[in-house]
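Read through the structure below, which is laid out as structure tokens, and then see the notes.
The values are calculated or read from the model by the stated rules, or taken from the named source; none is laboratory data. Computed from a predicted structure; not experimentally measured. Ideal geometry is used to build each Cβ from the backbone, glycine not excepted, and the neighbour counts take in all protein chains shown. These area figures cover heavy atoms from the full protein model, side chains too; ligands, DNA and RNA do not enter into them. Shrake-Rupley method; radii C 1.70, N 1.55, O 1.52, S 1.80 Å.
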Amino acid sequence: MTKRLLLLFACATVLNAQAQKISASKAAAIKDIEGRTSELTTISDKIWAAEEIAFQETISADLLANYAEANGFTVERGVAGIPTAFIATYGSGSPVIGILGEFDALPGLSQNTVPYKSPLHDGKPGHGCGHNLFGTASLGAAVAVKDLMAQGKLKGTIKFFGTPAEEKFFGKIWMAKAGLFDDLDACLDWHPGAETQTAVQSGLALVDFTVEFFGQAAHASGDPWNGRSASDALELYAHGINAYREHIKPTVRIHYHIQDGGQVVNVVPDYSRIWVRVRDDKREGMNEVYQRVRAMAEGAAILANVDYKINLVSGIYEVLVNRSGGAVIQKNLELLGPITYTAEETDYAKKIQEATGKPQIGLNSKIEPMEETLEHPGGGSTDVGDVSWVVPVARLTVATAPDGTPWHSWAVVACGGMSIGHKGMIHAAKALSMSAIDLFEDPKKVEAMKKEFKERKGDHVYTPMIEGPPPIGKE
Ligand SMILES: [Zn+2]
């Protein structure tokens, strides 16, 4: 054989081996999802255009819930006291496999589908975390699994969870508190990203609270001695936090947002409010800092001679990693291979990289080996953390934006409304459905996930860090 023929033969052998590794049921799911590309893209684009923020995602939740219903799922809407939370179920008996889907946007990030900053609706929200793709891909995967069940090729129950308000308030906590994940054997989750990989790093635990200061209003110039300034207290409090920042561990993050610092310059403000967030890679460390930052509020109130009130808004767990589930996902990512992009998409990606000051290297969708799980992962937080302490959760990230893209930015919104995002979404749907198929077909894989879950969790009993009902309609 000539060298060229040898090479062709080698390639054909590899391709054949690849094709053989994809089972008939997985191949059917892939074909199913490809056949639904236009439907799924339409849903995703509608959610993208609806730009709905936490607990206000009525159009987005309806789009997903209606699609699930039209495809034969039984849909329970308004679960856990949240109008936009829902569960779509198909099948019966075990195993019971869940797939999580988010769909909320971020305030102020509205953006057109162009590779430079250009708001679609000035000051309005935008999908800066790609949740339009997230919810749609997850549901697409659930529907492909359901189609196999309907044909008698898989046995058990598939549940899609429509989980609102991930960007603020964290809807999954109330869903977990209501016990909605309790009957799952295992759960799958993905997130849009700048690369494609099995997610085996935890996230940071966090606690959200507001501090309100109550003083006495007076004329700022006429009789300021009659006033007690709530905004003085707020400034002193923020100063205390900033000084404390020098003495916290590198794993800790403290953020604050001044929500109300008084209204006008000629009134001594009698009211102020600050939103504070403390994070650490373990709940214990976070709690220590949280108690200290709470105590500072009293100090600030004493200094300014005002009253104060602390309101716990929400708090989430760090993610309990599941490497056994990760291994299932990794295999399927490798079977799928990387996403391919057109010259126009690469050019678009490079323009985004140019606009955001990144090296113009285009998109990265190659599959890396599964990472080691780090003790101190850094990064963000997710309410998937709470779910991961109730049931084993396996996760992945799929590229829906160029390498190095600043997250929670206009660039993510832009990509999420065009073909780069759409391709990532379809890829994620395939990887999720293939991983779900593995869990339905091989009880040993579910058992391995459960065993690891028990080992990592130890004797911890999950207790949600929230008080009261979900803050629907609150700012
Ligand atoms: Zn997100």
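For every helix of n ≥ 4 consecutive DSSP H residues, a contribution of -39,500 (n - 2.57) applies; sum these over the chain, divide by its total residues, and give [θ] at 222 nm rounded to the nearest 500 deg cm²/dmol.
The helix-only estimate for the chain comes to -13500 deg cm²/dmol at 222 nm.
Rounded to the nearest percent, how much of the accessible area of the chain (1.4 Å probe, protein heavy atoms only) is carbon and sulfur?
54
Kindly flag which residue pairs out of Lys155/Lys282; Lys177/Lys358; Lys430/Lys450; Lys146/Lys454 have an alpha-carbon separation exceeding 31 Å in this structure.
Listed pairs above 31 Å: Lys155/Lys282; Lys177/Lys358.
Taking 25 Å as R0, compute the FRET efficiency from the Cβ-Cβ separation of Arg77 and Lys474 and round it to 0.05.
0.75
Within the set Lys423/Lys445; Lys26/Lys168; Lys172/Lys444, which residue pairs have Cα atoms separated by over 30 Å?
Lys26/Lys168
Report, in whole Å, the centroid distance computed from the Cα atoms of segment 343-391 and segment 412-475.
Centre-to-centre (Cα) distance: 16 Å.
Please identify the GluC sites (Glu not before Pro) of segment 359-467 that satisfy two criteria: DSSP loop assignment and at most 10 other Cβ atoms within 10 Å. Which are they?
For GluC sites (Glu not before Pro) across segment 359-467 that sit outside H, G, I, E and B with at most 10 neighbouring Cβ atoms in 10 Å, the list reads Glu372, Glu375, Glu467.
Points 7 angstrom from Cα along the Cβ direction at Asp182 and Ser92: gap in nanometres?
2.2
If I take R0 = 35 Å and measure r between the Cβ atoms of Tyr244 and Lys124 in this structure, what FRET efficiency does the formula 1/(1 + (r/R0)^6) give, to the nearest 0.05?
So, using R0 = 35 Å, E works out to roughly 0.50.
Averaged per residue, what accessible area in Å² does the chain show with a 1.4 Å probe, protein chains only?
43
Binning every alpha carbon pair distance of the chain at 10 Å from zero, what are the percents per bin?
Per 10 Å bin, starting at 0, the Cα pair percentages come out as 4, 19, 28, 25, 14, 7, 3, 1, 0, 0.
Sorted from largest down, give the three principal axis spans of the alpha carbons of segment 152-235, whole angstrom values.
81, 33, 17
If the chain between Glu298 and His376 were fully stretched, how many nm would it gain, using 0.36 nm times the residue separation less the Cα-Cα distance?
Net length gain for the segment: 24.9 nm.
What distance in nm separates the simple spin-label points at Lys366 and Ala70, each placed 7 Å from Cα in the Cβ direction?
Taking the two extended label points, one gets 4.0 nm.
By how many degrees, between 0 and 90 and to the nearest 10, does the Cα long axis of helix 343-355 differ from the longest principal axis of the chain?
The helix 343-355 is inclined about 20 degrees to the chain.
Calculate, for Lys155 and Lys457, the FRET efficiency according to 1/(1 + (r/R0)^6) with r their C-beta to C-beta distance and R0 25 Å; round to the nearest 0.05.
With R0 = 25 Å, the Cβ-Cβ based efficiency is 0.35.
Which of the lysines could a cross-linker span from Lys351 if the Cα-Cα distance has to be under 18 Å and same-chain partners fewer than 8 positions apart are dropped?
Lys117
Using Cα atoms only, what is the angle between the long axis of helix 419-441 and the major principal axis of the chain, expressed in degrees (0 to 90) to the nearest 10?
70
Cα to Cα, under 19 Å, and not fewer than 8 places away if on the same chain: which aspartates and glutamates meet these conditions relative to Lys31?
Qualifying aspartates and glutamates at Cα under 19 Å: Glu39, Asp147, Glu334, Asp438, Glu441.
What longest region of the chain stays clear of trypsin sites (Lys or Arg not before Pro) that DSSP places outside H, G, I, E and B and that have at most 16 other Cβ atoms within 10 Å?
Within the chain, the longest run free of exposed trypsin sites (Lys or Arg not before Pro) spans 156-281.
How large is Rg/Rh for segment 394-472, to two decimals, with Cα atoms and a Kirkwood Rh?
In segment 394-472, Rg relative to Rh is 1.12.
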